[in-house]
Amino acid sequence: MSTDTQERTSPGRSNSVIKDGGEFDTSDTIIQLRDLNIHYGSFHAVADVSLDVPRNRITAFIGPSGCGKSTVLRCINRMNDLVPSARVDGSIVYSGVEINTPKVDPVEVRRRIGMVFQKPNPFPKSIYENVAWGAKINGYRGDMDEHVERCLRQAALWDEVKDKLKESGMALSGGQQQRLCIARALATEPDVILLDEPASALDPISTLKIEELLRELEANYTIVIVTHNMQQAARVSDQTVFYSLNERRQGVLVESGTTAKIFTNPDDQRTEDYITGRFG
Amino acid sequence: MSATTDAQSLEPAAVRRRWRPRIDGRKRTSNWLSRVFFLATVSAVALLVLLLGVLFYRGWDWLSLDLLTQQYSRNAEGSGFQAAILGSIWLVAGAGILSFVIGVGTAIFLEEYAPRGPLTNFLQTNISNLSGVPSVVYGLLGLALFVEFMNIGRVLLAGALTMGLLILPIVIIASQEAIRNVPLGLRQAAYGVGATRWQVVRHHVLPAAMPGILTGTILAVSRAIGETAPLIVVGASAIIFRNPSGFFSDYTAMPVQIYQWTARPQEEFKDLAAAAIIVLMIVLLSMNGIAIYLRQRLGKDRW
């Protein structure tokens, strides 16, 4: 799997950046959300979310259905721009640049912050084209064959598809399709990959493969994953963010911290109730 | 609690007392209605069969290659309508290209670019209304706009443009439907790798919607091929002895010729018209066949 670590530097997995009290060192933050409020028409869906996403770490969003975790995730690469009634207020700073402003083109944001969706959605094209398309439209100038192979290897799919690159991506199994979607996201060389419940439509074996893959990708990418599965969050993430609904049915961020802390010693009673299965 | 059950019921007596299932009555209604619906189907098909029967009875003896190879003649015997067949093909080609280009463009704009709002709703409503306007009104529009105002004259181009306008709303609506049916996931995937709106439309939405768009266009065009009224208004000739030589020549079309023949007093011309209708129907059916083939063929590898 070490075919390509490119010139990116891995911070390693040392705990030195984790301060006492289960927080990450804010000097290594890649994405900063401040006072995020999201409306759909007159519906106030998410209220006052502030969060730091640490670089080259896996952050998991957990919480009950309808609490706004996917909505927040989709703000990070401006996917909510595609929903006509959506309005996103607040600040999203990515690598020191405010991106939640009309001055920043969402097309550029999405190249740097890739996304993998809940339902595997490969293009109805060949496996090769699925990976190459994103690179091609963004003007990739290197050797495309090499690039496609590199992305497929990084997504741990190369060995399974190397003899059928010309076949349709739709012909793969669900788990393979989802890894193809990850390869497709890697093809634009993003810094950050957002995953919206990537394993919820997959069987346990495929789910495990995706989780292992995320651990490998962590060295080179920052990963934010929404999951309904708390064991998955516990297994795969470094930071866990718990969302819930307040009394006005708005999604709020209850608590965030290192996964170890959230799952063993959360500060908030609601977090504890949720992870111990007493609620949600 | 006794475990005894009525011999004829699956439920214990205590439960049964609270229900009145009327199974026989419900089944009777269901059976009776299924007969009504079957009858409706039979009468629809019967009418069609009757129509075809009369056509073939009257037209069969007149069905000959002369129809395809000969031109209009004073005698029914040996008379054909090659100029009308070619005229219809020219008309349909022109109308099809015009309505496809403008129609698909409009559909893309309305579905992918236009912001949702009162103006878009207004446009949408008007397009739907236009598809219900009687075709003779389009003929009058064509006469005023193309023949007179733009001074094209009573030539094939004016007929093709009028036919194009006539089927434009149908093409727009069919294309919108096809574009709307492209799954959101496909669009999101494309936007997610940093594609612009046009790249998403060009590489994903249009290819996925194309079978539906083509089917809609062909069905619209096959409606145009049977239209008579607007062509008469914009000046298709009923009596013509030459094949059309291009968009600026005199022309006639199959339904116009058929109409002219049925209006003649001699019986044999009416039979000749029946034979011509059979030819027209064969053309129509093959166009529908192409539409079905395209839908199956292009729709194979999809989400």
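The values are calculated or read from the model by the stated rules, or taken from the named source; none is laboratory data. If you're wondering where the values come from, they're calculated on a predicted model, not measured in any experiment. Glycine also receives a Cβ, built like all others from the backbone with ideal geometry; neighbour counts cover every protein chain displayed. Each accessible area value is taken on the protein alone, full model and side chains, heavy atoms only, with ligands, DNA and RNA left out. Shrake-Rupley method; radii C 1.70, N 1.55, O 1.52, S 1.80 Å.
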Which residues, counting only those in the stretch B:112-162, are in a helix (DSSP H, G or I) and hydroxyl-bearing (Ser, Thr, Tyr)?
-> B:113, B:120, B:125, B:128, B:135, B:138, B:162
Take the stretch A:19-43 and flag every residue that is open to solvent by less than 50 Å² (accessible area, probe 1.4 Å) and either part of a strand (DSSP E or B) or at pLDDT 95 or above (or both).
-> A:24, A:29, A:30, A:31, A:33, A:36, A:37, A:38, A:39
Of the conditions (1) touching a helix residue (DSSP H, G or I) at 6+ places or on another chain (Cβ under 9 Å); (2) open to solvent by 10 Å² or more (accessible area, probe 1.4 Å), residue A:73 clears all except one; give me its number.
-> (2)
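Is it true that residue B:215 is farther than 24 Å from residue B:158 by Cα and free of Cβ contacts under 8 Å to residues at least 24 places away in the same chain?
Spelling it out, it is not the case that residue B:215 is farther than 24 Å from residue B:158 by Cα and free of Cβ contacts under 8 Å to residues at least 24 places away in the same chain.
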Can you name every residue in the stretch A:183-232 that is in contact with a strand residue (DSSP E or B) (Cβ under 7 Å, 6 or more places away or on another chain), open to solvent by 10 Å² or more (accessible area, probe 1.4 Å) and not in a strand (DSSP E or B)?
-> A:191, A:197, A:230
Of A:253, A:245, the only residue that is over 23 Å from residue A:57 (Cβ atoms), hydrophobic (A, V, I, L, M, F, W, C) and surrounded by 14 or more Cβ atoms within 10 Å (Cβ to Cβ) is A:245
Test result for residue A:132, open to solvent by less than 10 Å² (accessible area, probe 1.4 Å), part of a helix (DSSP H, G or I) and at the interface with another protein chain (Cβ under 10 Å from one of its Cβ atoms) | no
Residues of the stretch A:257-269 satisfying the condition of being crowded, with 17+ Cβ neighbours inside 10 Å and in a helix (DSSP H, G or I) = A:259, A:261, A:262, A:263
Would you be able to say whether some residue in the stretch B:199-207 is within 12 Å of chain A (Cβ to nearest Cβ) and part of a loop (DSSP other than H, G, I, E, B)?
-> no
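If the requirement is being within 14 Å of chain A (Cβ to nearest Cβ) and touching a helix residue (DSSP H, G or I) at 6+ places or on another chain (Cβ under 8 Å), which of these qualifies: B:284, B:294, B:298, B:280?
Step by step, each of B:284, B:294, B:298, B:280 is checked, and only B:298 is within 14 Å of chain A (Cβ to nearest Cβ) and touching a helix residue (DSSP H, G or I) at 6+ places or on another chain (Cβ under 8 Å).
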Just checking, how many residues over the stretch B:38-61 are closer than 30 Å to residue B:269 by Cβ and open to solvent by 100 Å² or more (accessible area, probe 1.4 Å)?
-> 7
Those residues that are open to solvent by 10 Å² or more (accessible area, probe 1.4 Å), away from chain B (no Cβ under 14 Å) and assigned to a helix (DSSP H, G or I), I need them from the stretch A:155-178; list them, please.
-> A:158, A:159, A:160, A:176
